[in-house]
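Working notes, beginning with the structure itself.
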Amino acid sequence: MIAADRLPPGPSPGPRVRAVRDEFRGDLLEVSMGPHHPSTHGVFRMMATLDGETVVRLKPVFGYLHRNHEKIAEGVSYLASMPYTDRLDYLCSMSNNWAYALAVEKLAGQPVPERAEYLRVILAELTRLLNHTCLAGFLLQDSGASGTPLMYAFREREKILDLFESLSGSRMMCNYQRFGGCRVDATPAWLLAARVVAENYGRFLDEYEALLTGNEILMARTQGIGVLPGALAISAGITGPMLRAAGVPYDLRKVDGYGVYPRLEFRVPLGAHGDTYDRYLVRVLEMRESIEILRQAFRDIPAGPVMDPKARLRGLRPKPGEVYSRIEGPKGEIGFHLISEGGPNPYRYRVRPPSFINLTILEDLCLGHSIADAVVILGSIDIVLGEVDR
Amino acid sequence: METPEQIRDRLLARFPRAAVEVIANPGPAAQPSLLVDSSHARAIAEFLRDDPALGLDFCSNVTGVDWPARGYLEAVYHLFSIAQRHGPVILRLRTANRTDQVAVPSLTPVWRSCEFQEREAFDLFGLVFAGHPDLRRILMWDEFKDHPMRKDYVEPDDYEWEPTPHGDVLAKARRHFPAAAPAGEERRP
C-alpha cells in the first residue's frame with residue numbers, strides 16, 4: 001500500500017471500475033478491460049462504458065508495445081529493417097517480409113526470378129493457412145470453448161512452423177525474403193514435405209469444420225453480432241477477410257495481381273451479412289482456396305535461381321523517389337511507403353498496418369451489444385499487437 | 001485511370017482558386033503525387049471521392065513526413081478506388097512551418113479510415129488536423145511532450161546504470177557521474 005503523499009504526480013490511476021453519471025441514461029459503469037486481459041490478444045485495453053451489460057461507449061487504448069519501428073528503420077540500412085518486419089505481425093512474418101521486399105524492389109527497380117516468385121506465393125499461402133487457423137482457434141477460445149479448438153489449431157500450426165524452421169532457420173521470425181529473391185533455395189525434400197502438409201490440410205479443415213461451422217453455440221454467439229455494413233467498411237479502410245465478409249469483392253491478389261497470382265486460379269469468398277459468423281466463415285473458405293493455390297504452385301514451380309544475380313543487398317542506395325506498395329496479407333492490406341533521398345537508409349519508412357486500421361470500427365461494431373459480445377467481436381477483427389503498436 | 005496532370009486540370013477547372021501542383025517522382029516506381037493547398041483540401045477530397053470517373057472511395061494510407069531542410073511537415077494520403085479498382089492517387093498537404101503553423105485540414109469527415117492514422121501522425125509528427133473529431137495521442141501516452149518521428153527529436157536522458165558500461169552507455173555514465181568514471185579510463189569486467 002502506497003501512502004497518499006507518495007503517489008506519483010498527475011492523474012491518479014483510479015479504480016478499474018467506476019460509476020459514471022449520465023444525464024439521459026442514469027447510472028453507467030465504466031470498465032477498463034485490459035491491458036492484461038486474456039481475451040485482448042496482448043496488451044490492449046478497452047475503455048467500455050456499460051449500461052447494465054450493454055456497451056454504450058468503447059474506446060480502444062493501445063501503444064503498450066510501441067517501440068517506434070518506423071524511427072528504427074529510418075536509422076538503419078534497407079536490409080537491416082528486414083528482421084524488424086518479422087516483429088510486426090509475428091504470426092505472419094513471411095507475408096511481412098514479402099511486403100517489405102516488394103516495396104524496396106519497386107523503389108529500386110529490382111526484378112525477381114521466377115522460382116522465387118513461386119516460393120513467395122507458397123510461403124504466403126502457408127502463412128495465410130496458419131493465421132486463419134489460429135484465428136478460428138482464438139475466436140472460439142474467446143467465446144468460451146476453452147481449449148479444444150485452439151489445441152487443434154496449434155497442432156496444425158506446428159506443422160507449418162516446422163516447415164518454416166527447416167527452410168529459414170526460425171519458426172516465427174523467419175527473415176527469409178530479400179530484395180531480388182529469397183535468402184536460400186528450397187530443397188526437393190522440403191517442397192515434398194510442404195506439399196504433404198498442404199495436401200493433408202483439407203482433411204484437417206473438414207475435421208475442424210465438423211467441430212465448429214455447424215456448432216449451435218458458435219452460431220448463437222456470432223450470428224447477427226457485430227454487423228459491419230459494406231459502405232462503412234470501405235469508408236473506414238477495412239481490408240482483408242473483414243472487408244470481404246462485409247460483401248465487398250476486393251482482394252489485392254486479384255486487383256493488383258502482384259507476384260504470380262494472375263497465373264493461379266482461385267476464387268474470392270464473400271460474406272452475405274457482415275457479422276462475426278461471416279468473418280469466421282470467410283476465413284475458413286479462404287483457407288480452402290489457399291490449398292488450391294498451393295496445389296497449383298507446387299505443380300508449376302520452375303527450376304532456377306532464387307536470387308537475381310545483380311541484386312544488391314548490402315549498401316543498397318535506391319535513386320531518389322518514393323513508393324507505396326501493398327500486398328494482401330492474412331489480416332488485410334499490408335503496405336509500405338518508402339521515400340529514398342539516395343542514401344543508404346530510407347528517408348521515410350512507413351508501415352500501413354492492417355490490424356491497426358481495422359480497429360477503427362471496433363466501437364461501431366460493439367455498440368448495443370453486451371460486453372461478452374465485445375470480446376467475440378474483437379476476436380473476429382484479428383489483431384496482433386506487434387503490428388497495432390509498432 | 002487519368003494521369004495526375006489530367007486530375008490536376010480537372011480540379012483546377014472545378015476549383016479555380018485552388019492551388020494544385022503535380023509533384024514528380026523520379027524513381028522507378030513512378031508514383032507522382034498532387035500537392036493541394038490546405039484551404040481547398042477538404043472540398044477537393046470530397047470531389048475526388050464523389051466524382052464518378054475517379055470514385056476514390058478508399059483512403060488506404062495516411063502518414064506524415066518531416067522535411068526539416070525544407071522547413072515544413074507534410075501529410076500524405078494514398079487513395080484507391082474499390083469500385084473501379086484503380087489507384088493510387090497520392091495527395092500531399094503541407095504546413096507553413098514546423099513550429100507554430102502546423103495545422104492541415106482533417107480528412108476524417110471524408111474518409112473514416114483517416115481517424116486513427118491522423119491521430120498517429122499528430123502523435124508522432126505533431127501535425128495538427130483541424131476538424132478531427134477526436135485528436136488525441138494514440139501510441140505515446142497522453143502526458144508525453146515531444147513528437148518522436150521528427151528528424152530533430154532528441155531522446156530523453158533516462159539514464160540507468162548498467163553493470164558493463166561501454167560505448168554509448170559509458171559516455172552517458174560519464175556525463176552523470178564525472179567523478180566515478182574519469183575520461184579515458186575504461187573499466188573492464
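The values are calculated or read from the model by the stated rules, or taken from the named source; none is laboratory data. Predicted model only: the values in this text are computed from it and were never measured. Glycine also receives a Cβ, built like all others from the backbone with ideal geometry; neighbour counts cover every protein chain displayed.
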With respect to the numbered conditions (1) within 13 Å of chain B (Cβ to nearest Cβ); (2) touching an Asp or Glu at 6+ places or on another chain (Cβ under 7 Å), which one is the sole condition not fulfilled by A:Gly304?
(1)
When you check A:Glu165 against the structure, is it surrounded by 15 or more Cβ atoms within 10 Å (Cβ to Cβ) and either touching a strand residue (DSSP E or B) at 6+ places or on another chain (Cβ under 7 Å) or assigned to a helix (DSSP H, G or I) (or both), yes or no?
no
Single residue of segment A:319-372 satisfying the filter (more than 11 Å from every other protein chain (Cβ to nearest Cβ) and of a type in the set (Val, Ile, Thr)) that is surrounded by the fewest Cβ atoms within 10 Å (Cβ to Cβ)
A:Ile371
Counting only helices (runs of 4 or more DSSP H) wholly inside segment A:190-254, the ones holding at least 1 residues that are modelled with pLDDT under 90 and away from every other protein chain (no Cβ under 14 Å) are A:216-222
Taking segment B:33-63, which residues are within 14 Å of chain A (Cβ to nearest Cβ), out of contact with any Lys or Arg (no Cβ under 7 Å at 6 or more places or on another chain) and modelled with pLDDT of 90 or more?
B:Ala45, B:Glu46, B:Leu48, B:Arg49, B:Asp50, B:Phe58, B:Cys59, B:Val62
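Matching residues to (1) modelled with pLDDT under 85; (2) over 19 Å from A:Pro354 (Cα atoms):
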{"site": "A:Gly14", "(1), (2)": "yes, yes"}
{"site": "A:Val17", "(1), (2)": "yes, yes"}
{"site": "A:Arg21", "(1), (2)": "yes, yes"}
{"site": "A:His36", "(1), (2)": "yes, yes"}
{"site": "A:Val55", "(1), (2)": "no, yes"}
{"site": "A:Leu65", "(1), (2)": "no, no"}
{"site": "A:His69", "(1), (2)": "no, no"}
{"site": "A:Ser93", "(1), (2)": "no, no"}
Report whether or not A:Glu105 is in contact with a Pro (Cβ under 6 Å, 6 or more places away or on another chain) and of a type in the set (Asp, Glu).
no
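Here's the yes/no breakdown for (1) of a type in the set (S, T, N, Q); (2) farther than 16 Å from B:Ala130 by Cβ:
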{"site": "B:Thr3", "(1), (2)": "yes, yes"}
{"site": "B:Gln6", "(1), (2)": "yes, yes"}
{"site": "B:Val22", "(1), (2)": "no, yes"}
{"site": "B:Pro28", "(1), (2)": "no, yes"}
{"site": "B:Ala41", "(1), (2)": "no, no"}
{"site": "B:Ser60", "(1), (2)": "yes, yes"}
{"site": "B:Gln84", "(1), (2)": "yes, yes"}
{"site": "B:Gly87", "(1), (2)": "no, yes"}
{"site": "B:Pro105", "(1), (2)": "no, no"}
When segment A:192-220 is checked residue by residue, the ones that are touching a helix residue (DSSP H, G or I) at 6+ places or on another chain (Cβ under 6 Å) and basic (Lys, Arg) are A:Arg195
Let me spell it out: the conditions are (1) within 14 Å of chain B (Cβ to nearest Cβ); (2) buried (at least 18 other Cβ atoms within 10 Å of the Cβ), and A:Ile72 meets all of them except one. Which number is the exception?
(2)
Looking only at segment A:169-185, filter to residues that are small (Gly, Ala, Ser) and crowded, with 22+ Cβ neighbours inside 10 Å; which one of those is farthest from A:Ser93 (Cα to Cα)?
A:Gly180
Contact list please: Cβ distance under 6 Å, first residue in segment B:116-130 and farther than 20 Å from B:Asp100 by Cβ, second residue in a strand (DSSP E or B), pairs at least six apart or on different chains.
B:Gln117/B:Val62
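Give me a count of the residues in segment A:38-50 that are more than 14 Å from chain B (Cβ to nearest Cβ) and modelled with pLDDT of 85 or more. Show your work before the answer.
Keep residues of segment A:38-50 that are more than 14 Å from chain B (Cβ to nearest Cβ), which gives A:38-42, A:46, A:48-50.
Filter once more, keeping what is modelled with pLDDT of 85 or more: A:46, A:48-50.
Residues meeting the conditions: 4.
Which of the residues that make up segment B:93-122 are hydrophobic (A, V, I, L, M, F, W, C) and either within 8 Å of another protein chain (Cβ to nearest Cβ) or under 15 Å from the mean Cα position of the chain (by Cα) (or both)? Even if it seems obvious, please write down each step before you answer.
Going residue by residue through segment B:93-122, those that are hydrophobic (A, V, I, L, M, F, W, C) are B:93, B:96, B:102-104, B:107, B:110-111, B:114, B:116, B:121-122.
Answer for segment B:93-122, where residues must be hydrophobic (A, V, I, L, M, F, W, C) and either within 8 Å of another protein chain (Cβ to nearest Cβ) or under 15 Å from the mean Cα position of the chain (by Cα) (or both): B:Leu93, B:Ala96, B:Val102, B:Ala103, B:Val104, B:Leu107, B:Trp111, B:Cys114, B:Phe116, B:Ala121, B:Phe122.
Sort through A:Leu119, A:Leu123, A:Leu88, A:Leu129 and tell me the only one that's more than 23 Å from B:Gln31 (Cα to Cα), among the aliphatic types (A, V, I, L, M), in the same structural domain as A:Ile160 (by TED's automatic domain parsing) and outside any helix (DSSP H, G or I). Full working, then the answer.
Values: A:Leu119 fails: outside any helix (DSSP H, G or I); A:Leu123 fails: outside any helix (DSSP H, G or I); A:Leu129 fails: outside any helix (DSSP H, G or I).
The unique qualifying residue is A:Leu88.
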Residue that is nearest to the chain's Cα centre (by Cα) [pool: residues in segment B:123-146 that are within 11 Å of chain A (Cβ to nearest Cβ) and buried (at least 18 other Cβ atoms within 10 Å of the Cβ)]
B:Phe125
With the requirement that a residue be of a type in the set (A, V, I, L, M, F, W, C) and either over 29 Å from B:Asp142 (Cβ atoms) or without any contact (Cβ under 8 Å) to a residue 12 or more places away in the chain (or both), what does segment A:40-96 give you?
A:Val76, A:Leu79, A:Ala80, A:Met82, A:Leu91, A:Cys92, A:Met94
Sort through A:Leu338, A:Leu281, A:Leu294 and tell me the only one that's under 27 Å from A:Pro188 (Cβ atoms) and in contact (Cβ under 8 Å) with a residue 12 or more places away in the chain.
A:Leu294
Can you find even one residue in segment B:6-16 that is free of Cβ contacts under 8 Å to residues at least 60 places away in the same chain and touching an Asp or Glu at 6+ places or on another chain (Cβ under 8 Å)?
yes
Go through (1) modelled with pLDDT of 90 or more; (2) part of a helix (DSSP H, G or I) one by one and return the number of the condition A:Arg350 breaks.
(2)
Determine, yes or no, whether B:Arg150 is within 13 Å of the chain's Cα centre (by Cα), under 20 Å from A:Pro346 (Cβ atoms) and not in a loop (DSSP other than H, G, I, E, B).
no
Test for A:Ile238: is it among the aliphatic types (A, V, I, L, M), within 22 Å of A:Ser380 (Cβ to Cβ), buried (at least 22 other Cβ atoms within 10 Å of the Cβ) and without any contact (Cβ under 8 Å) to a residue 60 or more places away in the chain:
no
